[in-house]
Amino acid sequence: MASQVNKKMKFKLNVVVTIVLVVFVLYIIYNMLSVVFNPFYREYANDQQLTSTTINANRGTVYDTNMNILAQSTTVWNVQITPSNIAKEDKELVASFLSELLKLDYNEVYEKVCQDNNYAMIAKKIDKVTADEIREFKSEHDIFAIHLIEDTKRYYPNNELACHIIGFVGNDNQGLYGVEKYYDEVLQGTPGKIMSATDAKGNAIATTYEETHDAVDGNSIVLTVDQTIQYYTEKALEVTFNDNLPAQGCCAIVMNVNTGEILAMANYPNYDLNDPWSIYTEYLQNLMITDEEPESQDESQQSTNEDKEKYTKGELQLIQWSNKAIEKAYEPGSVFKVITAASALDSGAVTMHSTFSCSGRMTVANRVMSCHNTSGHGVLDLTGAIVNSCNPAFIQIGSALGSERFSEYLRLFGITEKTGIDLNGEGQGLYISEENMGVVELASSSFGQTTTVTGIQMISAISAAVNGGYLVQPHVLKEVIDVDGNIVETVGTTIKRQVISEDISEGLNVALQAMVEANGGSTAYVQGYSIGGKSGTSQKRNQNGIYVGSFAAFAPVESPEIAVIVIVDEPTQGAYYGAAVAGPVVKMIMEDTLPYLGYSKEYTAEELAQIENSVPNVINNDVAAAKTLIDSLGLTTQVIGDGDKVIDQTPRVGSTIASGGKIILYTTENYTQQTTTVPNVVGLTPSEANRLLINAGLNVSFSGGSDGSNNTTATVTAQSVAADTEVAVGTVVQITYSHVAAD
């Protein structure tokens with residue numbers, strides 16, 4: 001009986017154990033299936049068994065308007081190691097090789113090599129030559145725990161050129177300044193990934209599993225900037241910086257007045273885009289606090305080093321990165337008189353024939369406001385007020401305009417708001433609101449004090465005044481191009497509003513040209529080109545003897561295309577007023593840019609007469625010496641023959657020819673003289689005659705009438721060599737011109 005009970009109990013126990021085992025097995029299977037089929041558990045399991053390697057996308061290329069490369073990404077490599085896979089006997093060898101090749105501290109590298117883990121970063125962004133040396137080392141010593149991970153690095157082929165427009169990226173290829181930052185999402189692309197199987201230690205294992213998600217490169221952008229005009233602008237700006245040493249730097253903008261396209265924008269001091277963290281210019285380097293100098297100094301200590309304030313490296317970095325042309329507001333001084341004049345003319349408050357009196361000073365609400373000419377200008381019309389930059393005249397113009405209309409035109413010209421240019425960090429100037437603008441504030445605002453503007457605001461407003469009256473949106477982006485070269489976005493011209501009428505703009509342009517050409521030509525005057533503009537000088541508020549000099553100009557006057565503004569902030573050496581420190585920069589930019597854009601010089605008869613040269617005698621001279629002499633006189637040469645010495649020349653010594661004329665040098669005996677046919681130039685303007693004769697291979701000499709006025713109406717009345725005559729190339733044809741009285 002007892003044995004039967006035991007058998008039953010044993011049977012029941014076996015059944016229970018079997019059931020428990022079955023349930024346990026089913027539970028295990030369930031969990032395994034959950035891992036396989038449940039996305040959460042599958043991802044969790046993969047995280048324990050897969051390694052993800054990021055493939056960085058190449059940033060898009062930045063081009064100038066002519067498709068010259070301004071910024072591009074190049075392939076580089078990051079050096080990583082798996083310390084746990086480096087044999088003990090190889091650790092010193094690896095550390096020694098990598099530290100020497102990569103110029104790193106041996107002890108720091110050796111410490112990483114000796115770590116007991118699967119990953120250590122040794123160096124980032126090495127070039128191909130260095131990467132190839134590492135590959136050779138790995139192969140030679142059978143050490144494969146050194147890994148080269150492909151990456152990208154930003155490269156700027158022109159170094160500092162257009163640095164404040166382009167900007168730069170950080171170590172993670174994230175845009176930090178300029179268009180690199182503003183258009184970062186367009187340029188950066190999408191990173192890819194490589195998913196591969198690893199063992200428990202994170203080492204790759206033999207498996208067929210590997211999943212690759214390719215990186216998608218970023219789009220490229222084409223800027224409105226022309227790198228040639230940018231170079232001209234930077235070259236000119238550096239000259240004025242070295243001449244005048246402005247404590248707060250200087251800046252310049254060149255803009256198409258009709259489209260708002262920024263053709264150039266420069267600041268000085270500048271920096272090297274390929275090494276933006278280093279202080280680039282010697283001027284700023286001399287302002288850096290050295291190791292011997294404490295970063296915190298009292299006032300008595302801060303006057304060392306030629307009485308200049310000293311800065312930390314971080315502060316100097318911010319100074320050199322700052323795009324003052326769009327960030328910093330300043331008082332424009334007399335440049336602002338262009339806006340006041342345009343507003344008053346358009347509103348009907350004054351006309352070009354209105355007159356204003358100047359005794360050298362003017363009292364407004366018991367406050368005396370002076371003119372730069374303390375003796376006074378007497379009675380002036382509007383052109384005279386502009387040419388002489390007369391403050392009392394503009395106080396009267398502002399008074400005629402009134403605070404309500406003055407404030408409205410401030411808004412229309414864009415002075416009360418940011419321009420919205422597609423660059424980060426645009427600043428905003430200050431202005432007196434209509435409700436706070438009394439007679440004193442209106443008076444000072446009328447001649448360019450009180451109101452502050454940024455450079456981009458001022459050039460936008462000037463452009464509206466001279467382009468027919470249209471305020472256009474300034475911008476640096478022209479096009480966006482995808483990885484296949486397709487244009488996916490085009491930025492056209494955006495006209496915000498018409499501010500003044502085309503007739504008013506046209507009349508104002510003539511007055512501004514008179515300002516540039518007055519008294520034989522201002523510092524911005526370029527012989528042969530019609531340029532209008534206005535200089536400005538303002539004393540900084542509550543800072544005696546501290547000034548900002550500026551000059552804004554445009555060309556050509558008859559059909560404006562470009563505007564230039566130059567701002568020199570706190571010049572400390574030489575003169576300080578705008579015509580002296582900024583005018584020459586405008587001239588240099590115009591001299592280079594206008595012919596580059598295809599504008600030929602159009603000399604008045606008087607200008608041509610003033611720049612004639614006497615032909616030197618170079619017969620029997622060496623050809624090289626003869627050419628050097630002729631070039632120094634502003635003339636050109638054409639050499640015929642292959643001899644070493646000049647045996648004859650045309651024209652002969654004693655002839656007078658216009659600047660730019662050509663002297664033919666013959667260097668072979670028994671030469672055949674080249675001939676040409678003289679065209680008929682009677683009835684043409686002197687400029688037209690000059691062009692026609694030069695194109696025929698002839699030289700020109702001028703004989704003008706006694707009256708030098710009304711030069712735009714001068715016509716050729718006679719020529720020294722009759723039309724259709726066959727003469728030697730280089731022959732001088734003297735033309736006689738006279739003037740016709742204007743209507």
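The values are calculated or read from the model by the stated rules, or taken from the named source; none is laboratory data. It should be emphasised that the depicted structure is a prediction, and the values quoted were computed from it without experimental measurement. Ideal geometry is used to build each Cβ from the backbone, glycine not excepted, and the neighbour counts take in all protein chains shown. The area values use the complete protein model at the heavy-atom level, side chains included, leaving out ligands, DNA and RNA. Shrake-Rupley method; radii C 1.70, N 1.55, O 1.52, S 1.80 Å.
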| Of the residues that sit in segment 554-609 and are out of contact with any strand residue (DSSP E or B) (no Cβ under 7 Å at 6 or more places or on another chain), closer than 19 Å to Glu261 by Cβ and of a type in the set (Gly, Ala, Ser), which one is modelled with the lowest pLDDT? | Gly598
| said: What pairs come out if I take residues in segment 123-134 that are surrounded by fewer than 14 Cβ atoms within 10 Å (Cβ to Cβ) and pair them with residues that are of a type in the set (Val, Ile, Thr) whose C-beta lies under 7 Å away, six or more apart or interchain? | reply: Asp127/Val76
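Would you point out which residue out of Ser446, Ser399 is of a type outside the set (A, V, I, L, M, F, W, C), over 26 Å from Leu223 (Cβ atoms) and open to solvent by 50 Å² or more (accessible area, probe 1.4 Å)? Talk me through it step by step, then tell me what you get.
On the way: Ser446 fails: open to solvent by 50 Å² or more (accessible area, probe 1.4 Å).
Just one listed residue meets the conditions, Ser399.
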| remark: Checked segment 165-177 for anything open to solvent by 10 Å² or more (accessible area, probe 1.4 Å), of a type outside the set (Ser, Thr, Tyr), in contact with a helix residue (DSSP H, G or I) (Cβ under 7 Å, 6 or more places away or on another chain) and not in a strand (DSSP E or B); matches are Gln174
| Cross-chain or 6+ apart pairs with Cβ under 8 Å, segment 621-642 first and within 21 Å of Thr672 (Cβ to Cβ), then assigned to a loop (DSSP other than H, G, I, E, B) and of a type in the set (Asp, Glu) | Val623/Asp644
| Restricting to segment 377-396, what's the tally of residues that are outside any loop (DSSP other than H, G, I, E, B), free of Cβ contacts under 8 Å to residues at least 60 places away in the same chain and either open to solvent by less than 20 Å² (accessible area, probe 1.4 Å) or of a type in the set (A, V, I, L, M, F, W, C) (or both)? | 8
| Within segment 490-499, which residues are in a loop (DSSP other than H, G, I, E, B) and either hydroxyl-bearing (Ser, Thr, Tyr) or out of contact with any strand residue (DSSP E or B) (no Cβ under 9 Å at 6 or more places or on another chain) (or both)? | Gly492, Thr493, Thr494
| query | What residue, among those in segment 128-155 that are part of a helix (DSSP H, G or I) and acidic (Asp, Glu), is nearest to Glu180 (Cα to Cα)? | reply | Asp132
| Which condition number in (1) touching a Lys or Arg at 6+ places or on another chain (Cβ under 9 Å); (2) open to solvent by less than 70 Å² (accessible area, probe 1.4 Å); (3) of a type outside the set (A, V, I, L, M) is the one that Thr374 fails? | (2)
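Quick one: would you say Val526 is over 15 Å from Ile386 (Cα atoms) and not basic (Lys, Arg)? Lay out the reasoning, then the answer.
Working: over 15 Å from Ile386 (Cα atoms): yes; not basic (Lys, Arg): yes.
It is true that Val526 is over 15 Å from Ile386 (Cα atoms) and not basic (Lys, Arg).
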| remark: Checked segment 629-658 for anything among the small types (Gly, Ala, Ser), over 20 Å from Leu698 (Cβ atoms), open to solvent by 30 Å² or more (accessible area, probe 1.4 Å) and part of a loop (DSSP other than H, G, I, E, B); matches are Gly641
| Of everything in segment 328-337 that's in contact with a helix residue (DSSP H, G or I) (Cβ under 9 Å, 6 or more places away or on another chain) and outside any strand (DSSP E or B), which residue is surrounded by the fewest Cβ atoms within 10 Å (Cβ to Cβ)? | Lys328
| field | Residue in segment 514-553 that is modelled with the lowest pLDDT, counting only those that are on the phi > 0 side of the Ramachandran plot and open to solvent by 10 Å² or more (accessible area, probe 1.4 Å) | value | Gly520
| request: Would you check if Val439 is over 26 Å from the mean Cα position of the chain (by Cα) and open to solvent by 10 Å² or more (accessible area, probe 1.4 Å)? | output: yes
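Every residue in segment 669-689 that is closer than 30 Å to Gly641 by Cβ and not hydrophobic (A, V, I, L, M, F, W, C), please. Please lay out each step first, then the result.
First pass over segment 669-689, keeping only residues closer than 30 Å to Gly641 by Cβ: 669-679.
Correct list: Glu669, Asn670, Tyr671, Thr672, Gln673, Gln674, Thr675, Thr676, Thr677, Pro679.
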| query | Within segment 405-414, is even one residue of a type in the set (Gly, Ala, Ser) and touching a residue at least 60 places away in the same chain (Cβ under 8 Å)? | reply | yes
| query | Of all the residues that make up segment 402-433, how many are hydroxyl-bearing (Ser, Thr, Tyr) and assigned to a helix (DSSP H, G or I)? | reply | 3
| note | A careful count of residues in segment 610-628 that are surrounded by fewer than 16 Cβ atoms within 10 Å (Cβ to Cβ), assigned to a helix (DSSP H, G or I) and either modelled with pLDDT of 90 or more or in contact with a Cys (Cβ under 8 Å, 6 or more places away or on another chain) (or both) gives 3
| message | For segment 101-120: of the residues being part of a helix (DSSP H, G or I) and not acidic (Asp, Glu), which is most open to solvent (accessible area, probe 1.4 Å)? | response | Asn107
| note | Scanning segment 529-581 for residues that are assigned to a strand (DSSP E or B) and of a type in the set (Lys, Arg) gives Lys534
| field | Selection within segment 78-100 - over 24 Å from Glu150 (Cα atoms), in contact with a helix residue (DSSP H, G or I) (Cβ under 9 Å, 6 or more places away or on another chain) and open to solvent by 80 Å² or more (accessible area, probe 1.4 Å) | value | Glu92
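Here are Leu98, Leu93: which of them is touching a His at 6+ places or on another chain (Cβ under 8 Å), assigned to a helix (DSSP H, G or I) and hydrophobic (A, V, I, L, M, F, W, C)?
Numbers: Leu98 fails: touching a His at 6+ places or on another chain (Cβ under 8 Å).
The match here is Leu93.
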